Structures are given as structure tokens and as C-alpha cells.
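Read-outs throughout are calculated quantities, based only on the coordinates presented, and are distinct from any laboratory measurement. This structure is a prediction, so every number in the text was calculated from the model and none was measured. Methodologically, a virtual Cβ is constructed for each residue, glycine included, from the backbone with ideal geometry; neighbour enumeration extends over all protein chains shown.
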Amino acid sequence: MEIRHLRYFVAVAENLHFGRAAQQLHMSQPPLSKRIAALEDELGTLLFNRSKRSVALTVAGRLLLPKAQAAIEAFDAAAAAVKSTSIGPSRIRIAFPSDTSQEVLVDLVKTICPNDSEVNIVEATTAEQHELLRAGELDVGVLRHPYETQGLWSSPPLRQTLGVVLPSSHPLARRKELELRELQTNILIMFPRLIAPGLYDELLETCRAQGYKPKRIMYGIRMAAGLMVAESAITFRPAHFLVPGPVGQTPDLTWRPLVGEPLHWWTSVVCRRNEPDRRTHAAAQVIFQALQRHDHWSLGTSDSRAKLRRKGDGATVLRHSHDATN
């Protein structure tokens, strides 16, 4: 049994609903159900009475809940106390999505490591990062909106505007700009939902609201370009997606803007505690600035930021000013 298993149990116990608990944990329901079942197997007793319409704590579950809550609180307090009194280099655990440029990572390492901080960097999806942050196994992440913000500390959202990428031979490629409803007959290439469930659902909801209901959805990231050409399909990406890079140009594809700019990717630098320590705060600030400098992210408008805050639940934001690292 690990502390994260108790976090899963507490989420389900407090919601009495596996779907809502999974959403709160930013994971899908089947893995959560399996982990609760594994915990019950390890303890040798049922913690929940489940039916098609309801979930209720058993006697054992009611007994475990306050003890699990206390154990999580004690674990977090102990970890914080040890970190605050450590006289050696502080270890900062940071995760990035797979599309982060090497320039962002170089900026981070050059800035943080000279300050006697040990930086552990991993690659992880939004869903994986959110789970690790909530479990206390990650200090800083870069998450795509929307995500459950309760108990986390988030920077102001950064934005990339999405357009349509389609084969150069596609009839719509001759147009200067497109509307979502004009894509109705086209296959859509998407990233798998488990990577960023909230973003996946939000993009499709906007498409449907504006008249585009894909006749078929195919999944691909690295193979997206090949799938578009082979299937005469489309996808949504920022304009810089087709900028020549180390692997060369993509002559068979073209990018077109969408009328009214209805689709965006939003991202924030996220810390696992409401008040991160100085070095974690400094790392978050470096990442926040590097994403804008190197990876085509820009600050949204004040109205957009307010809208995103209303979607969350008590997020705090990173200061813009230069003294955020002081």
C-alpha cells in the first residue's frame, strides 16, 4: 500500500461517486476502480458497497476514512517539514509534456542548477502530471487546461491559437480561412483522450457547437502527418506546427486559420502546493518565461484568464513581475 492509494480511496469516499472522483483525480474511471479493488484485496475487506445507482461506504470504509485522511495530512506535513529544514541541495521534481522544446529545458537547468538545486525532469501527459501532483510525487508540472485546480498553485494561462492542418491537395486547402462547420465530412486526427481528458472533451464540444461533428476520429501524435495524407484527414494545430524543423518541411500539408479563432490550447505551470517554497517558485517562473520565449505560448487576455479561473476551484496564480523569484 502506498500513500497515493489512500488518496484514491479518500477521493471516492468524499465524492461517493467513482466518476466524480476520477475527474477530481484527473484520471479515467476504470484505472481508479481497479486501484480501489486492489486496495480492498490487500486489506481483505470491501470498502464500498457498489450498485448501478449508488456508492456507499461499508463499515470498514467508514472506519478507514478518518484514518486515511489523517495519514495523508501527516505524510504531507512530514515531507514539508523535512524539506524546510534540509541543508543540502533541494530536489525539485518537474514534468513536461512531450512537445516541450529543448530550449525550455536548457533554460531551466542553467538557471536552477547553479543555485544548488537538484532537478529531476520527466516527460508526462497532463493526466499523469495531475495524478502525480495530487499524490505529492511531483513538484512542478506543465498542464493543459482544463484541469481540477483545487489544492494546486497555477500560473496565469498561456495560449496558442489553433487552426486547421490538412493535405495540400484537399479542396479546402485553396481557402484563406475556414469555418468549423465546413469540416463536417472530414475525418479528424486527435491525440488520445487519456493524455488530457479535459482538453479533449472541450475541443470536441466546441467543434460540435459550431457545426463540426467528425464522421470518424483517428488517434495519432507522431503519425498525425502521415495519417492526414493517407486518409485525407484534418487536425487542429498552431500555425508553427508546419514551420520547418530538424526533420525538414512537410510539403504535403498546409495550415489554415479558423474564422473567429474558436479553438485554443491553454497551458499553465502548476505546483503541488498552494504556497510553493522559494526554489519551486523560482523554477515555475523560469518555465513560465521560457515557454513564452521559445515555444510560441502567449498570455491570454484578462477576460480569458477570468473565464479559466471560473472553470477551476480556488487556483492561485503566479505573479508576472520580475520579483517572483525573490
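A few remarks follow.
- Pairs with C-alpha atoms separated by more than 31 Å, drawn from the list Lys176/Lys215; Lys176/Lys213; Lys34/Lys213, are Lys34/Lys213.
- Estimated distance in nm for a label pair at Arg208 and Ala38, the labels positioned 7 Å out from Cα along Cα-to-Cβ: 3.2 nm
- Packing-based order for 222-232, 153-163, 15-25, using average beta carbon neighbours within 10 Å, highest first: 153-163, 15-25, 222-232
- Cβ-derived FRET efficiency at R0 35 Å, Leu46 paired with Ser98, nearest 0.05: 0.35
- Between Val82 and His5, the simple label model (points 7 Å from Cα in the Cβ direction) yields a spacing of 2.0 nm.
- Here the Kirkwood formula puts the hydrodynamic radius of segment 1-141 at 17.1 Å, using every distinct Cα pair.
- Computed extension gain for Ala70 through Thr58, at 0.36 nm per residue and net of the alpha carbon distance, reaches 2.4 nm.
- Each label point was placed 7 Å from the Cα along the Cα-to-Cβ direction; for Thr161 and Tyr219 their separation is 3.1 nm.
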